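Encoded as structure tokens, the structure appears first; notes follow it.
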Amino acid sequence: GQLDTTCHAFVGETVVLPCTTTPPGELSLSKSMLYWQIGTKIVHFFQNGQDSLEGQDESFHGRTSLFLDQMKHGNLSLKISNVQLWDDNEYSCIYRQNHQTKKSTIKLNVSGK
């Protein structure tokens, strides 16, 4: 897939990986799923209107969050705090509602201090 955007961050910073969908009206979060992944590795997973982090990759534990108050308006961005060098990667934002899937790819470039 093609790259939608590239983000830059320094180690220790907080970065927001942008992902938006343009919903007709408000998104029905209880009927939708949002995956943030690196390959098959789960960075953040949201379903049934809430975070579902059992399968989350350990290296991201406690460092990721969504903009829950803005999600219904189409803001699916992921916030990663305390960015580490190993976060440097390509992230997929995959949003599923009913039988519709939207995917975008965000590259995160991390630099040491």
Quiz item: Which Cys in the chain stand alone, with every other cysteine's Cβ at 4.7 Å or more from theirs?
Solution: Cys7
Quiz item: Given a 1.4 Å probe, how much area per residue of the range 1-82 is accessible, in Å²?
Solution: 55 Å²
Quiz item: Looking at the square roots a ≥ b ≥ c of the eigenvalues of the Cα gyration tensor of the chain, which shape do they give, rounded for a/c under 1.5, prolate if a/b is larger than b/c, or oblate?
Solution: prolate
Self-check item: Extreme residue, positive dipole direction of the chain, given options Val15, His73, Gln100 (C-beta unit charges)
Solution: Gln100
Quiz item: Going through the range 36-95, which GluC sites (Glu not before Pro) have at most 13 other Cβ atoms within 10 Å and a DSSP loop state?
Solution: Glu54
Practice problem: For the range 5-111, calculate the relative contact order in percent as a whole number, restricting contacts to Cα pairs under 8 Å that are 6 or more residues apart. | Solution: 39 percent
Exercise. Over 18 Å between C-alpha atoms is what I'm after, so list which of Lys31/Lys79; Lys41/Lys113; Lys41/Lys72; Lys79/Lys107 land there.
Key: Lys31/Lys79; Lys41/Lys113; Lys41/Lys72
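The values are calculated or read from the model by the stated rules, or taken from the named source; none is laboratory data. Here the structure is a predicted model, which means the values were calculated and not measured. FYI the Cβ positions are ideal-geometry reconstructions off the backbone, even for glycines, and counts take in every protein chain you see. The area values use the complete protein model at the heavy-atom level, side chains included, leaving out ligands, DNA and RNA. Shrake-Rupley method; radii C 1.70, N 1.55, O 1.52, S 1.80 Å.
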